[in-house]
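Okay, structure first, notes after.
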Amino acid sequence: MQRKTLIIAPLAVLLAAAIGGAFYLLGKQPVRDGKLALEHLGAPVTVNYDERGVPHLYAQNQLDLYRALGYVHAQDRLFQMEMLRRLARGELAEVFGEKLVDTDRLFRTLRIRDRATSYIAEQDKTSPAWLALQAYLDGVNQYQDTRPAPIEFDILGIPKRPFTAEDTASIAGYLAYSFAAAFRTEPILTYVRDQLGADYLQIFDIDWHPEGVTRSAALAANDWRALNQLASISHQALQAAGLPQYEGSNAWVIAGSRTQSGKPLLAGDPHISFAVPSVWYEAQLSTPDFQLYGHHQALNPFAMLGHNQQMGWSLTMFQNDDLDLIAEKVNPDNPQQVWYQGGWVDLQSSQSEIQVKGAEPVKLTLRSSPHGPIINDALGEGIANSQTPIAMWWAFLETPNPILNGFYELNHATDVKSAARAVEQIQSPGLNIVWASAAGDIAWWAAARLPIRPAGVNPAFILNGSTNQADKLGFYPFRDNPQELNPRRGYIMSANHQPLPASGIQIPGYYNLPDRAQRLTDLLEDPAIKWDLQNSQAVQLDTASGYARRILQPLQDDLLAAAADDQQRALVEQLLEWDGNHTLDSVPATLFNQLVYELALNAMQDELGEAFFNNLLATRILDLALPRLAADAGSPWWDQVATPEPESRADTVKRAWQQGLQHLHKTLGDDSSNWQWGKAHTLTHNHPLSKQPPLDLLFNVGPFAVPGGHETPNNLSSRVGSGPWQVLYGPSTRRLVDFADPEHALGINPVGQSGVLFDQHYRDQAEPYALGDYVPEHFSRDDVKANTRSTLTFTTQP
């Protein structure tokens, strides 16, 4: 009997623990069926959930609609909301500890939280957009106040606190920052120009300009170290937080004259870092006077992508340069003064404190010059880390930027004129809005407030704050922005390439390679094709690019000479005959991507040093530089600076080829027929807690073998580096809307609608997404009813 008791007791404990764990997890799951009381409603709201967990909300008025949206959005994505507001406001270390202090310090230095406070204070508190935002936040907070916290809150010990309009505005600032390539690019270009010289700058396709940091304001060695550290922190901050970063996008609209249905067709796939949960939250919103199927960001009630029966739109990054770095001239007699417009002026300073889990708070002093925040303060010791304060002028901080009102009006636009008025209010970040209507119009607007810089100033470099280089002479009117309406060619395409405004103004920016845009153009301009939802899928899923040909063609003789034996020569010939298509079974795709990294490494690391080189790998300017480098046999980059004899392009290509093969043999095996792209190129959706093993095994989704590659239309991209390659970003959704039948649009979520672990919709779309499948976006009442899996009703009474 005693022995039985000894056996039964532990089993009872285990059973009780299992039952307790099951009840714990069950309590965390979203409620999608039955009735729930929601305060402040004017009338009941019905929410039908479809087979993917997408809510279709039906309300009698829009404030009730947005209040219910806040609740259902929060129950699927509350942890995502919490993480994004903490990232944007510099508050991650409070829950993650000291490893996120650098990230918090960076975001405090960017002044996003300060601008959010002033932005909210400027809002018209009687406007429809403001009232809708307040109703939405009320729904979010009612959910948080009445339901158990997400699992992640318990693991990290996150206290509940209300979500505010300042949080929403801060996340808009994070969006703008993630677009600001200048912060991570200008230090590298300035270093190449000032430390290496004009010959080295040629491959970056930037005209040599003597402007910028002149000898009198030259940067010292510790200044370069500080800037390099800042660029590193900027790159690492978003990865450390495990949250999405905006990278690029495809979008196009085709006029009815070129579609099978005779009505415009809209296609869009914004390229964003992959994460769990995915960035977009889908929801259909319906009242007697308003209909929209939208894709929403965390803490934002207004869809950034959407459509209804009358109109729809997608977006891409404009890539305009709306951030300048400015080297200030310090008063030698007073380090707290800088030279500005003919005299010494005081730096303004304020104090901030970062709460750190398990450690003492970190205090920091934040300084500003008349040009903007001093970004050196992101390093924690300000001027002690460098001799030269570097200020940041940023359009997000310097414009009214009524972006929330702009998207509210875009959600409610009824025709091309009202859409244009809405887009004009989007000032930072710069966005291309690609729009279509059932009435037959197609349009594109580059939305941003573009600064007027002094003549001759190239903002690709750090500017000299003691001159007028950093001054802004105002802003161009919106009518001068790039835009089109119903062009004769019958389509409009946007792929982050440099636009050509009809106004003729120059728009500096960090635009993507032209190859993706050219590939889309080649496909879309074919006059023999009548476009529909089916053949449009093939374009979104296309995996080819002309980029490989631009790099390989000038190197073909050097590559053939680099082959050490017949087996290697066969691989070279296979690579040179390759069409640039990144299919799962492609061996040349693997060879090419390894070669690209080895070429960059062997040509550029010796001049730049390891730190600057690693930062270069994460910028778009490398993409633009490599084809120009390959075509220039006389470029000084080919020489190894540490060797007595000069190396030629052929010497460096040979070394890169051999090192690449050595690495592939080591990582993928000796049989080169197994070096298939799908075995080396995989996608894993990472959760913010994945940085803490073994939680990655629980929260992450993947890996999946995926086709596509860097700057192909199916832009499943990894960082330039050594294989195997982890896909970092790509289409955050793929949408197709034919306005002959907008109620049967197609789309896909990369992971799932829900961010709640163990929910059936946590990962249910991940495999179909990797396979290139599409799912219906239900819109009509009958279609929604036929696909409803559960119904939740919000009532005005308990």
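Every number here is computed from the coordinates shown, using simple stated rules; none is lab data. No experiment lies behind these values; they were computed from the predicted model shown. Cβ atoms come from the backbone with ideal geometry, glycine included; neighbour counts cover every protein chain shown.
Only one entry of 487, 429 meets the criterion of being out of contact with any Phe, Trp or Tyr (no Cβ under 8 Å at 6 or more places or on another chain) and not in a strand (DSSP E or B), and that entry is 487. Just one of (1) more than 22 Å from residue 718 (Cβ to Cβ); (2) surrounded by fewer than 18 Cβ atoms within 10 Å (Cβ to Cβ); (3) touching a residue at least 40 places away in the same chain (Cβ under 8 Å) fails for residue 637. It is (2).
As a summary of the residue check, residue 517 satisfies the conditions (1) outside any helix (DSSP H, G or I); (2) more than 29 Å from residue 649 (Cα to Cα); (3) aliphatic (A, V, I, L, M) except for the one numbered (1).
Taking the residues in region 694-742 that are without any contact (Cβ under 8 Å) to a residue 24 or more places away in the chain and not aliphatic (A, V, I, L, M) as candidates, determine which candidate is surrounded by the fewest Cβ atoms within 10 Å (Cβ to Cβ). Among them, the one singled out is 694.
Scan region 349-370 and give yes if some residue there is among the acidic types (Asp, Glu) and assigned to a strand (DSSP E or B), otherwise no.
Narrowing region 349-370 to residues among the acidic types (Asp, Glu): 353, 360.
Now narrow it down to the ones that are assigned to a strand (DSSP E or B): 353.
The answer is yes; a qualifying residue exists.
Residues that are out of contact with any Ser or Thr (no Cβ under 7 Å at 6 or more places or on another chain) number at least 3 in the following strands (runs of 3 or more DSSP E) confined to region 723-798: 744-747, 775-778, 790-795.
Among the residues of region 115-138, those identified as of a type outside the set (A, V, I, L, M), touching a Pro at 6+ places or on another chain (Cβ under 9 Å) and surrounded by 16 or more Cβ atoms within 10 Å (Cβ to Cβ) are 119, 123, 136. Screening residue 689 against (1) within 20 Å of the chain's Cα centre (by Cα); (2) buried (at least 18 other Cβ atoms within 10 Å of the Cβ); (3) assigned to a loop (DSSP other than H, G, I, E, B); (4) not polar (S, T, N, Q) leaves a single unmet condition, (3).
Looking at residue 607, is it surrounded by 16 or more Cβ atoms within 10 Å (Cβ to Cβ), assigned to a helix (DSSP H, G or I) and in contact with a Pro (Cβ under 9 Å, 6 or more places away or on another chain)? Answer is yes for this residue.
Filtering region 103-123 for residues that are assigned to a helix (DSSP H, G or I), free of Cβ contacts under 8 Å to residues at least 24 places away in the same chain and more than 24 Å from the chain's Cα centre (by Cα) leaves a non-empty set. Whenever a residue of region 149-165 is in a loop (DSSP other than H, G, I, E, B), its partners that are exposed (fewer than 14 other Cβ atoms within 10 Å of the Cβ) and not acidic (Asp, Glu), lying with C-beta atoms within less than 7 angstrom and at least six residues away or across chains, give the pairs 149/160.
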